[in-house]
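These notes concern the structure reproduced below.
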């Protein structure tokens, strides 16, 4: 499982995915990842700092579910899947939610350079998955899947940012605002976004009120820790 999501358990946030779960399609995994985002908003004391922030985060989760079919539909939703050691993945340390402007252009250049090299390797080393051949070469009578081409297209159609938002709980809001909303004609005004948040959970107004009370309690708890002997020392709440 992605290390950023397993970290939520360290913060006493319920996991949305049982440890013994095995997925056969991408959509099921994505829905469960969104459930973990829901749990973070529900159970983390400082997940939202204002009523508006709570509603905006909830609205983005509703929209992420709405767009799921766009980014997971097609021939690749049932595989082939590649094993990835998430704790060793170099991208775990990158703040992808902060990439925009000139920094994004540099990122895109490096991204395309990587995919071009990958494409050359892809063409020279075809890999087989069940009856499907996936490489950069053309083969008559077989389904062709090119990992390099898929990675390259992912940046153009927004899939890269959608899945980055899924994997990074803290970055979902910024990634959605900066990279996913601009794909569409006109981002909705704030009033519409706030209206969408009502569909995140029944009784959204009550949830927002309880979330603000929880945030006040969280701030007081932090002040108490800094004003006590616990500050500056290892502390375990058992």
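The values are calculated or read from the model by the stated rules, or taken from the named source; none is laboratory data. This one's a predicted model, so the numbers in the text were calculated from it and none came from an experiment. Using ideal geometry, Cβ is built from the backbone for each residue, glycine included, and neighbour counts are taken over all protein chains shown.
Taking (1) closer than 30 Å to residue 211 by Cβ; (2) at pLDDT below 80 in turn, residue 58 satisfies each apart from (2).
Checking segment 147-170 against the condition returns a match, with at least one residue being modelled with pLDDT of 75 or more, closer than 17 Å to residue 55 by Cα and within 27 Å of the chain's Cα centre (by Cα).
Residue check: is residue 45 in contact with a strand residue (DSSP E or B) (Cβ under 9 Å, 6 or more places away or on another chain) and either surrounded by 13 or more Cβ atoms within 10 Å (Cβ to Cβ) or modelled with pLDDT under 95 (or both)? Please lay out each step first, then the result.
Details: in contact with a strand residue (DSSP E or B) (Cβ under 9 Å, 6 or more places away or on another chain): no; either surrounded by 13 or more Cβ atoms within 10 Å (Cβ to Cβ) or modelled with pLDDT under 95 (or both): yes.
No, not satisfied.
Taking residues in segment 13-31 that are more than 21 Å from residue 63 (Cα to Cα), and partners anywhere that are modelled with pLDDT of 85 or more and loosely packed, with under 15 Cβ neighbours inside 10 Å, the pairs with Cβ atoms closer than 6 Å and at least 6 places apart or on different chains are 13/43.
Counting only residues that are under 12 Å from residue 37 (Cα atoms) and assigned to a loop (DSSP other than H, G, I, E, B), segment 1-18 holds 5 of them. The number of residues in segment 164-210 being touching a residue at least 24 places away in the same chain (Cβ under 8 Å), under 14 Å from residue 58 (Cα atoms) and in a loop (DSSP other than H, G, I, E, B) comes to 2.
Only one of the numbered conditions (1) at pLDDT below 85; (2) under 30 Å from residue 215 (Cβ atoms) is violated by residue 39, and that is (1).
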